Amino acid sequence: MKKLKYIFLTLTFIILSCNYKKDKLKIKNNSTKDIYYHIILKYRDENTYYGPAVGGKIKPNTYDSPGIRGTILHEMNKNSYDKTLYIVYFNVKDRDYVYKNENTIIFNKNFYVDKYLIRELDSMDWIINYPRVNIIKNK
């Protein structure tokens, strides 16, 4: 019985310590449709791209934050070659394709890709609006 208790406590600790948490990065969907997104970084000085966080689905006029074990800022500072965050937006039917092609997806013209440097994210308080809004007011 003690052995079973030990195994249960060990498994509980492992499961709880491996959980992803929401990052300070927030993406707001200002469109009228559900959107899906994936976060991509370029790995160090190699020609390799990877997804450091779990993206997801965002309903219209709501926010989502990617799930990550640390923080995106830490990943960008530690592992990102060009300190650039890429966000790929896609339809649910393309989800498998996006995840299987992380290394080339940001170059695929069939997908909408935003990119941000750390200083840009800081200036926006880490809140990204989709789609990007460029408003020019005439006076």
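Some points to look at:
- Scanning the range 72-116 for residues that are under 13 Å from the mean Cα position of the chain (by Cα) and at positive phi yields a total of 0.
- Scanning the range 20-55 for residues that are small (Gly, Ala, Ser) and open to solvent by less than 20 Å² (accessible area, probe 1.4 Å) turns up Ala53, Gly55.
- Breaking point among (1) closer than 22 Å to Ser123 by Cβ; (2) of a type in the set (Ser, Thr, Tyr); (3) modelled with pLDDT under 95, for Tyr49: (1)
- Out of Ile14, Ile39, Ile105, one residue alone is of a type in the set (A, V, I, L, M, F, W, C) and at pLDDT below 90. It is Ile14.
- Looking only at the range 86-109, and only at residues there that are surrounded by 16 or more Cβ atoms within 10 Å (Cβ to Cβ) and without any contact (Cβ under 8 Å) to a residue 60 or more places away in the chain, the one that is farthest from Glu120 (Cα to Cα): Asp94
- Of all residues in the range 68-83, those satisfying the criterion of being part of a strand (DSSP E or B) and open to solvent by 10 Å² or more (accessible area, probe 1.4 Å) are Tyr81, Asp82, Lys83.
- Positions within the range 80-109 being more than 15 Å from Pro52 (Cα to Cα) and in contact with an Asp or Glu (Cβ under 8 Å, 6 or more places away or on another chain), in sequence order: Tyr89, Val92
The values are calculated or read from the model by the stated rules, or taken from the named source; none is laboratory data. Quick caveat, the model's predicted, so the values are computed rather than measured. Heads up, the Cβs are rebuilt from the backbone with ideal geometry, glycines too, and the neighbour counts pull from every protein chain shown. To get the accessible areas, we keep the full protein, side chains included, count just its heavy atoms, and leave off ligands, DNA and RNA. Shrake-Rupley method; radii C 1.70, N 1.55, O 1.52, S 1.80 Å.
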